[in-house]
Amino acid sequence: MWTFYCIFVDVKKDGNVIMGIKNFRSLALSFCAAFAAQNAFAADWYAKDNLQPGHDPSMIRLEDGYALMSTNNHLQLWTSEDAYTWKDNGRTMQSVPSWLTQYAPGMEDVWAPDIYKFDDEYRVYYCGSEFGKRNSAIGYTASKSMIPGTAGYGWTDKGHVFHTKEGTDKYNAIDADIIKTSQGEYWMAFGSFGLGIQLIKIDGKTGYQASDDKTVYNIARRTSTASGGAEEGPALIEHNGQFFLFTAWDKCCQQGNNIEQTTYKTAYGRADKVTGPYKDRAGYNMATGGGTILLERYGRYVGPGGGEPFQDLNRVRFVHHYYDNAGDKYNHIHIRDVVFTDDNWAEMGQPFLGRYLSAEAEHGALTRAVSGDLAIATSKTASNGEYLSYVNTEGSKIRLPMNIPQAGEYLLRYRYANGGDGNATHGVSVNGKEQIIELPPTGSWGTFPEKSVKLIPVTLKRGGNFIDIRPVPNGFFSELDRIDFLRVIRDTIPGNGFDNGIRIRLDENDQLAMKDGGYAIFENVVTDSIKSTDVRVMVKGSAGKLSLRKDSKSGTVVSECDLSKGTAAENGWSEVECSTLGGTQKLTGVQDFYLTASGVSGEVVVGNILFKSKVVPVSSSSEVVAESSSSITESINPVAAARSARYSVSRQGNDYLVRLNSVGNHNVYLLNSMGQVVGVRNVRGAMAGTEVRFENLPKGNFVVRVR
């Protein structure tokens, strides 16, 4: 066993005051003490790639997990509950449909499936083609269920949707992708080489090309001669009112002994209309050669492309293939988060290796100031067997985009190695606010025992967060393996802050809704920070039980809630008193919590999970209620109205402006209608008239609290 100790020194503040740094430091020290007695962290903190096979993959979210299909296997189907461990269900197509060979007589197998749900029916669009020619066609097959052995499962081929012909058409009918817009229209993108990517309208009832618009829209085209101007594998998704087009560029599919010939990569652009124009982050039109590179070869990961985005429960994810140059040199699948910036541009997150609140340094977006810096190295003690060495040169940077479901206080568990004699120094920036941290010697290079960690206090927002790491050269260097994001829970876990689960969803009010047998995962809860062992939960629904478990969906119950014993609270909520947290055994360290539902009729809506003896009302003597659907109004509480003279709130579109009318230090919080913190601004040395802005908020009621 490792002899555990924790390295935690004061954080230098580089122009930014860190909120609650003293409290964070105290928490971190007590957290370390708790873990000293346990000797080591759980083994599942070490990632391992599952090497799921597949090419040109397509995924869809189901109520109980996921379904996956890929190319050149007669639409072979895999299913999974967690998107990490997959069950092979075999081929869904027993032979190539005869109609398809009429358009592509030299074809061998169907390519590039795209799974999409049309109302109550699942449809898989696929294509057949003569390799290197434009004799190609797209068709689809349909089933009422995606899960073998369940009611409605069974595939019926629906035949021809669209085709192209060599010598006649300047684009190619392959690689179909379906999107349904927020206006209820269906569209299909497809194409490769020549004129590149095309778009046609689809009739949602029939699944074929719509009769009211026969236009073939050209939405992306390579104008360079690199790799023959190759662009294919289009995929579309709508996010925050804009459309995103992902495409694959350059040479694909060279593997085994030919792997070095593969130059495949992923590029994208966005548009205000589904028909375009799609422009990259520099403003160039994808129809005239534009495109922002999201993924390209790094380390042993060759040719990351051929993918598509899909909507998961509370995040957009992107599934794609790559070739493993350090392993079998053949195709495998990665599933990543798409992380959106505040101004709604996409960046690519981590491959999913079984954990949501973790980041492997080698999978970050790497900017090298000199050749050889930020080298991806291997070690048996490193998570997933890889780490970054030579984190040395000023100007080099590691960028880690992360989706965080719950806003609030976190500890970054920073796993590093420093074999030198003095403290290395890194700049760690979270959403543009940097801390300068010192990394004391760990005794060796390239080894990462559990003692080689640093705990860094940060505040994260809900949604996209961007962690930028840079070396601050001082004569001493360090290596970086992994960062885990530990959620500091004092008295509340918001139900909608879950990481994943089954038989759950976010309802129209952004609240967690659970069905019988469902569970929601809350990773990396620092239990040492929880103030009370009293547990209460806010719910809408009075039948069944909710159980809070540790480690797994069937793990030890640490608190149980009988929903029939709830008492009425405000706005239709019931407050349920649950059993004492942990019972007679105190919870310590970091735990994964699983909230499970049993005996539930229909759905139960879950608000906050509270670790305190009494629910504190959202309204208080220093709040202003901000309603996004109308003008900003003050609380009707006369005391609150009087005290709100300390500040005022106004609305500008989807932005909210808080004007501080008093001097001094202020913490400005934005809460939703359930009392969950969705944004924090820390202001030091404010003058009268200082303004604080919360941007790009969804519709709903918000509360501003100033302390």
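Can you give the alpha-carbon Rg of the range 447-550 over 2.2 N^0.38 Å, where N counts its residues?
1.43
Backbone geometry of the range 452-466 corresponds, through the Karplus equation with coefficients 6.51, -1.76 and 1.60 at θ = phi - 60°, to 3J(HN,Hα) couplings of 8, 10, 10, 9, 10, x, 9, 10, 10, 9, 6, x, x, 10, 10 Hz, x marking Gly and Pro.
Extending 7 Å from the Cα toward the beta-carbon at both HIS239 and ARG91 defines two label points whose distance is 3.7 nm. Distance between the modelled labels on ALA282 and ARG659, one decimal in nanometres: 4.2 nm (7 Å Cα→Cβ projection). If I compute solvent accessible area with a 1.4 Å probe over the protein chains, what percent of it on the chain is carbon and sulfur? Ligands and nucleic acids excluded, carbon and sulfur give 47 percent. For the range 545-590, the Cα-based Rg and Dmax, in that order, read 12.7, 35 Å. By the helix-only formula, in which each DSSP H run with n ≥ 4 contributes -39500 (n - 2.57) and the sum is divided by residues, the chain has a 222 nm mean residue ellipticity of -1000 deg cm²/dmol. In the range 376-494, the convex hull through the Cα atoms has an average projected area of 7.5 nm², a quarter of its surface area. Compared with the dominant principal axis of the Cα atoms in the chain, helix 21-36 is inclined by about 80°. One decimal place: the segment THR101-GLU81 gains 3.6 nm when fully extended, by the rule 0.36 nm per residue minus the C-alpha distance. Quarter the surface of the alpha carbon convex hull of the chain and you get the mean projected area, 31.9 square nanometres.
Given their separation in residues at 0.36 nm each and the Cα-Cα distance between them, ALA543 and ARG368 gain 57.3 nm when the chain is fully extended.
If a paramagnetic tag sat 7 Å from the Cα of GLU695 along the Cα-Cβ line, which residues of the range 454-490 would have the backbone N under 18 Å from that point? Within reach of a label on GLU695: 460-468. Entry for the range 181-290 at q = 0.10, 0.12, 0.17 Å⁻¹: log10 I(q)/I(0) = -0.31, -0.44, -0.80, Debye formula applied to identical alpha-carbon scatterers, no solvent contribution. For the range 123-186, treating each Cα as an identical point scatterer without solvent, what Debye log10 I(q)/I(0) comes out at q = 0.12, 0.20, 0.25, 0.26 1/Å? Relative scattering, expressed as log10 I(q)/I(0), comes to -0.42, -0.85, -1.00, -1.03.
Note on LYS451 and ASN431: with the Förster distance fixed at 25 Å, the Cβ-Cβ geometry gives a FRET efficiency of about 0.25. Note that the range 184-266 presents 39 Å² accessible area per residue, ligands and nucleic acids not counted, probe 1.4 Å.
The values are calculated or read from the model by the stated rules, or taken from the named source; none is laboratory data. Given the structure is predicted, the values throughout are model-derived calculations rather than measurements. We place every Cβ from the backbone using ideal geometry, glycine too, and count neighbours over all the protein chains shown. Ligands, DNA and RNA are stripped out before the accessible areas are found, and what is left, the full protein with its side chains, is counted by its heavy atoms. Shrake-Rupley method; radii C 1.70, N 1.55, O 1.52, S 1.80 Å.
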